[in-house]
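A quick write-up on the structure given underneath.
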Amino acid sequence: MLQLLRKIAFPISLIYALVVHVRNFLFDVGVFSSKSYRTPTICVGNLSVGGTGKTPMTEHLLRILSDRKVAVLSRGYKRKSKGFYLADAESTVLELGDEPYQIHQKFTGMIVAVDADRRNGIEKLESLVQPDVIVLDDAFQHRKVKPSFSILLTTYHNLYVDDWYLPTGSLRDARKEARRADLIIVTKCPIGLPEDEKKAIRAKLNPRKHQKVLFALLEYHDVVSNGEGVEMKLSQLKNEQVALVTGIASPEPLVEHLKSIGLDFEHFEFGDHHHFTDKEIQQFQGYEMLLTTEKDFVRLKGRVDGLYFLEIAHSFSDEDGVVLKKAVEGLF
C-alpha cells in the first residue's frame, strides 16, 4: 500500500524537486547568502530523511576530538523549548530533543546546544563558550551556514544516487548537492564488503577530485545497559521474554542483528522521534525486558520497568579511519 501511495504522489515529488532546485540555485548565485565563521565548523548530514546514522557519526567525531573544546549544535527536533538553548545539568529530553540529550548524557565534557537557526546558534556559542570547534548535526541543508568541513552520509542499501524526491522517495535535497561535501561516507555496509564492490560504489557516486568516499558498518555492542550501571550480555536474553521498542527511521539493521544472534522478541515499531503515550507504553508493560535504542531510551527512561538499551557505533577499516581522523584534525 505504501509503495502505491508513493507512486500516486509522484507529481507532488516533482513540485518538491523544483522548489529544492530553485532554492539551491538562489544560494549558488548569491541571492541567498552563506556565512562562514571564525570557529571551525564540521557539518554532518545527508540528502535524505533520517536513517543514515548521523548521531553515531557525530559521536564518532566527538571521540576523535576528545582533547578539544567541542560544541555540538543541533536543531533539537520535537523539543519543547524555543530558540537557542544551551544544555546544563538540569536539562531534560523535552528541552533538548532526544538525540542532543543522548549526546549530552553520554559525553558529559562536551557542550551541547540546540537552535533551529544555525547562524544564531553558532554566534551564541562563540559568544558564550568560545569552543575550539562546532559540530553541526544534521545541517547539510542549512545553506545559510558555510561549514569549514562537510561530511555527507548515505546508506549502502539506499545510495542517494538511486533515490528520488519526497514523498515518492526519501530525498529532501538534490543529488547534485553532494558536490558540497568534503567526505562521502557510505554507512550500514555489510561486514567484509569486497574491494571490487567498494570500487563500483565509488564509480556510481562519481565523487569530485576533492572528495573521498569512505565505508562504515554499524557495530553493535555485545552488552545491554539499563543506564544505571547494570549490564548484561546480549546473548543472555535468548531465554527472556523480550520486547524490542523502536522509534527510529530505520530499525531494520537492528532487527536483523538481533535475529542473527538467535534472539526471540516482539517488535513494537514507531515513527522516528516518537513521543510515547501512556496508552502505548501499556502495550509492552508485561514483558520481562524491554530492549530499545539509545535514542529511544532517553524518551522511555523512568516510564517503564526492565528497560535496557543497546549501543551502536560506526566502525571503519584502519585505512578509512585514518583518513577521517586526519581530515578532522587538519582543521586546526
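Sort out which residues of the range 73-84 are surrounded by 20 or more Cβ atoms within 10 Å (Cβ to Cβ) and more than 18 Å from V298 (Cα to Cα), and write them in order of number. Break it down stepwise before answering.
Going residue by residue through the range 73-84, those that are surrounded by 20 or more Cβ atoms within 10 Å (Cβ to Cβ) are 73-76, 79.
Within the range 73-84, just L73 meets the criteria.
Within the range 269-294, being open to solvent by less than 30 Å² (accessible area, probe 1.4 Å), touching a Leu at 6+ places or on another chain (Cβ under 9 Å) and not hydroxyl-bearing (S, T, Y) holds for F276, I281, F284, M289, L290, L291, E294. Give the residues of the range 22-46 that are exposed (fewer than 15 other Cβ atoms within 10 Å of the Cβ) and charged (D, E, K, R), sorted by residue number. Answer for the range 22-46, where residues must be exposed (fewer than 15 other Cβ atoms within 10 Å of the Cβ) and charged (D, E, K, R): D28, K35, R38.
Within the range 301-318, restricting attention to residues that are open to solvent by 20 Å² or more (accessible area, probe 1.4 Å) and of a type in the set (G, A, S), which residue is nearest to the chain's Cα centre (by Cα)? Within the range 301-318, the match that is nearest to the chain's Cα centre (by Cα) is S315. Looking across the range 319-332, just one residue is more than 22 Å from the chain's Cα centre (by Cα) and either on the phi > 0 side of the Ramachandran plot or in a helix (DSSP H, G or I) (or both), and that is E319.
Selection over the range 16-51 of residues that are of a type outside the set (A, V, I, L, M, F, W, C), closer than 22 Å to G121 by Cβ and assigned to a loop (DSSP other than H, G, I, E, B) gives a count of 8. Among the residues making up the range 89-146, those that are open to solvent by 30 Å² or more (accessible area, probe 1.4 Å), touching a residue at least 60 places away in the same chain (Cβ under 8 Å), within 17 Å of S66 (Cα to Cα) and not in a helix (DSSP H, G or I) are Q130, D132. Checking the condition touching a Ser or Thr at 6+ places or on another chain (Cβ under 6 Å), touching a residue at least 60 places away in the same chain (Cβ under 8 Å) and over 30 Å from L218 (Cβ atoms), which residue from F10, F32 passes? Going through F10, F32 in turn, the sole match is F10. Residues in the range 190-239 that are among the polar types (S, T, N, Q) and either crowded, with 16+ Cβ neighbours inside 10 Å or in contact with a Phe, Trp or Tyr (Cβ under 8 Å, 6 or more places away or on another chain) (or both): Q211, S225, N226. Of all residues in the range 52-66, none satisfies being open to solvent by 70 Å² or more (accessible area, probe 1.4 Å) and touching a Gly at 6+ places or on another chain (Cβ under 7 Å). Considering V19, V49, the condition of being open to solvent by 80 Å² or more (accessible area, probe 1.4 Å) and more than 16 Å from R119 (Cβ to Cβ) is satisfied by V19 alone.
The values are calculated or read from the model by the stated rules, or taken from the named source; none is laboratory data. Since this is a predicted model, take the numbers as computed values, not measurements. Glycine gets a Cβ as well: all are built from the backbone with ideal geometry, and neighbour counts include every protein chain shown. All accessible areas refer to the heavy atoms of the entire protein, side chains included, with ligands and DNA or RNA removed. Shrake-Rupley method; radii C 1.70, N 1.55, O 1.52, S 1.80 Å.
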